[in-house]
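Heads up, the thing below is written out as structure tokens.
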Amino acid sequence: MTSTTCALSTNINRLDQLLRERAASHANVAFLEVGDRRLTFADVDLIADFAAAKLSAAGVSEGDRVVVFGENSERFVIAAFAVMRTGAAFVPVSPRITNAQLKAIVSRTNPCAVIAVSDALPRNPEVFGDTPLWSMDALLLQECRFRRGVEIANQDLTAVIIYTSGSTGIPRGVVCPHRAILAAVRGINQLLSQSSEDRILCALPFSFDYGLYQTFLALDAGATLIIESAVSNPLALPAILKRKRISGFPLVPALAAMLLRSRLLERTTFDRLRYVTSTGDLLPTCHTERLRDLLPGTAVLPMYGLTECKRVAVTPYAAELTAPASVGIPLPGTRVEILEVENSAIKGAGELIVRGEHLMAGYFGEPEATLARFPIDPVTGERMLRTGDIFRQSASGYLYFLGRCDSLIEWRDRSWFAAPLEDALARIGNVTEAALVTSNSDKHLTLHAILGGGSGVDEITANEHVARVIDEGFDGKPPPWTMHVRGNLPKTIHGKIDRDLLSASVRNAL
């Protein structure tokens, strides 16, 4: 067995088939670790087969949908692979969403069953209506006269339907085929150089594509995934990094801000930590720089992606210090272009358009929304993805995130962008996170700079810095603005700054 294993999977077109291959080639290698529990690739394959047989016997078949409900655990991963092995698609759902959100997902997806993988069933199982509700433990304890589930030959199936967090508008179920997932996974692993020697920590919820894909990345590389509950104490993570000999640590910017504020990273060394990745929101360049100072020998790699294609860009190892504000270069096989915004305050800035094999199939049950987001190129007939995000690209190919299309700041007949201003605001002393939202009253624009840092932020000094940042950002002719200081900025269940909630709170205050 070699340490680099990605090449083994190039002829495999389904994730459940890849698990079968890994069970043969890496039978005794640990795939999942949860606390003191350790499951090898062969263990996961065997138990997933058993569960798939039970699901098939209960009538779950190709084309069906099954909700997998619960916190991060080995049972969640096994349930997901069991569902895929029947030819059905699984729908990962966090128990931390509201009953209204859960009811909407069940109504839209129309699953044939719900598998609860947490220790307890949902508090309000009536939300699922008449849909059969199974406990994963009970499912595995039932007698079964055969081991292997139905063997599915179809290579063009949907693996998972992931509901977005809503940061790009109305939450929608993104239909993710096996082929597209594997195309994204292989590109990411190629740039991260992942191998069977890696130990990847996942403390991000499996209902979030960034968390879920850590399972697929580990599977493709033959690596070990160390699973932590998404609701465990984040401040325990540095000790886990050390004790579990973690080599890969995916985090979101909010978690990075929390760890930096705690100063826990300064108190130990992480000899095995090879890389830290970040996506899901803007990672301020000052945080990137600080992480690199605190983690010598560890590559800190900002990335950019969205559920509709998983990943667009990754910062390569060799160039992590040459473009500190960039989110990297496009994945192998990914082609991008920029539709320039008229009257842009930054030359060459525009909406990022993506092409490649990793584009997902669209939104479940929403053909019009799918066509709007995934239009067809009238010249080539090729599918494209409109990301809804504004970027610029350097001559050397590096991508720089400037903000969302729906957050453009229209001022003095020009379009301005929030992300560079937020990046500058995060550099203010003792500020750990920053967001810029707008309000309009009687057609008068007002900017609201919202700083996270609580009592540690000197509001008088911060106000002076905010004035300078906004003045420079708008070439000395800024719109009216206000400043607000909070302890922590509100987050979505996936750890992103909840700008919609911030905007609503500003409107309510006005």
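The values are calculated or read from the model by the stated rules, or taken from the named source; none is laboratory data. Quick caveat: nothing in here was measured; it's all calculated off a predicted structure. Cβ sites come from the backbone with ideal geometry, for glycine too, and all protein chains shown count toward neighbours.
Summary of computed values
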{"item": "The stretch 454-467, residues that are at negative phi, of a type in the set (Gly, Ala, Ser) and either surrounded by 15 or more Cβ atoms within 10 Å (Cβ to Cβ) or touching a residue at least 24 places away in the same chain (Cβ under 8 Å) (or both)", "result": "Ser455, Gly456, Ala462"}
{"item": "Yes/no for Gly365 being surrounded by 14 or more Cβ atoms within 10 Å (Cβ to Cβ), part of a strand (DSSP E or B) and not charged (D, E, K, R)", "result": "no"}
{"item": "Candidates Leu291, Leu283, filtered to the one that is touching a helix residue (DSSP H, G or I) at 6+ places or on another chain (Cβ under 7 Å), surrounded by 23 or more Cβ atoms within 10 Å (Cβ to Cβ) and not β-branched (Val, Ile, Thr)", "result": "Leu283"}
{"item": "Residue check for Ala48: closer than 17 Å to Leu225 by Cβ, in the same structural domain as Val117 (by TED's automatic domain parsing), assigned to a loop (DSSP other than H, G, I, E, B) and without any contact (Cβ under 8 Å) to a residue 40 or more places away in the chain", "result": "no"}
{"item": "Inter-residue pairs, beta-carbon under 7 Å, first free of Cβ contacts under 8 Å to residues at least 12 places away in the same chain and in the stretch 15-44, second outside any helix (DSSP H, G or I), 6+ apart", "result": "Arg38/Ala30"}
{"item": "Residue count, the stretch 204-227 (criterion: of a type in the set (Gly, Ala, Ser) and surrounded by fewer than 24 Cβ atoms within 10 Å (Cβ to Cβ))", "result": "1"}
{"item": "Only listed residue being part of a helix (DSSP H, G or I), crowded, with 20+ Cβ neighbours inside 10 Å and among the hydrophobic types (A, V, I, L, M, F, W, C), chosen from Leu402, Leu451, Leu371, Leu421", "result": "Leu421"}
{"item": "Any hit, the stretch 330-341, residues being closer than 23 Å to Leu408 by Cα, touching a Phe, Trp or Tyr at 6+ places or on another chain (Cβ under 7 Å) and of a type in the set (Val, Ile, Thr)", "result": "yes"}
{"item": "Near pairs, Cβ below 7 angstrom, 6+ apart or cross-chain, from the stretch 241-270 (at positive phi) to any residue that is in a strand (DSSP E or B)", "result": "Arg245/Arg199"}
{"item": "Any helices (runs of 4 or more DSSP H) falling wholly within the stretch 166-268 and containing at least 2 residues that are within 21 Å of Phe41 (Cα to Cα)", "result": "178-192, 209-221"}
{"item": "Residues of the stretch 296-340 classified as part of a loop (DSSP other than H, G, I, E, B), under 30 Å from Val174 (Cα atoms) and of a type in the set (Gly, Ala, Ser), total", "result": "4"}
{"item": "Scope the stretch 483-510; condition in a strand (DSSP E or B) and either over 13 Å from Leu425 (Cα atoms) or modelled with pLDDT under 90 (or both); matching residues", "result": "Arg486, Lys491, Ile497"}
{"item": "Answer residue from the stretch 72-127, given it is part of a loop (DSSP other than H, G, I, E, B) and among the basic types (Lys, Arg) and is modelled with the lowest pLDDT among those", "result": "Arg123"}
{"item": "Selected residue (criterion: farthest from Pro234 (Cα to Cα)) from residues of the stretch 269-295 that are among the acidic types (Asp, Glu) and in a loop (DSSP other than H, G, I, E, B)", "result": "Asp271"}
{"item": "Odd one out for Thr269 among (1) modelled with pLDDT under 95; (2) among the polar types (S, T, N, Q); (3) closer than 18 Å to Glu74 by Cα", "result": "(3)"}
{"item": "Residue match in the stretch 416-426 (condition: under 26 Å from Gly348 (Cβ atoms) and either charged (D, E, K, R) or not assigned by TED's automatic domain parsing to the domain that holds Lys496 (or both))", "result": "yes"}
{"item": "Selection from the stretch 354-397 of residues that are more than 23 Å from Leu182 (Cβ to Cβ) and in contact with a Cys (Cβ under 9 Å, 6 or more places away or on another chain)", "result": "Arg386, Gly388, Asp389, Ile390"}
{"item": "Counted residues, the stretch 229-280 - those being of a type in the set (S, T, N, Q), surrounded by fewer than 18 Cβ atoms within 10 Å (Cβ to Cβ) and closer than 16 Å to Val300 by Cα", "result": "1"}
{"item": "Only listed residue being charged (D, E, K, R), surrounded by fewer than 24 Cβ atoms within 10 Å (Cβ to Cβ) and in contact with a helix residue (DSSP H, G or I) (Cβ under 9 Å, 6 or more places away or on another chain), chosen from Asp16, Asp43", "result": "Asp43"}
{"item": "Some residue of the stretch 13-35 being more than 22 Å from the chain's Cα centre (by Cα), modelled with pLDDT under 95 and under 25 Å from Ser94 (Cβ atoms)", "result": "yes"}
{"item": "Pick from the stretch 131-160, criterion part of a loop (DSSP other than H, G, I, E, B), surrounded by 12 or more Cβ atoms within 10 Å (Cβ to Cβ) and aliphatic (A, V, I, L, M), ranking: modelled with the highest pLDDT", "result": "Leu157"}
{"item": "Test: residue in the stretch 70-77 that is assigned by TED's automatic domain parsing to the domain that holds Phe208, surrounded by fewer than 24 Cβ atoms within 10 Å (Cβ to Cβ) and within 20 Å of Arg22 (Cβ to Cβ)", "result": "yes"}
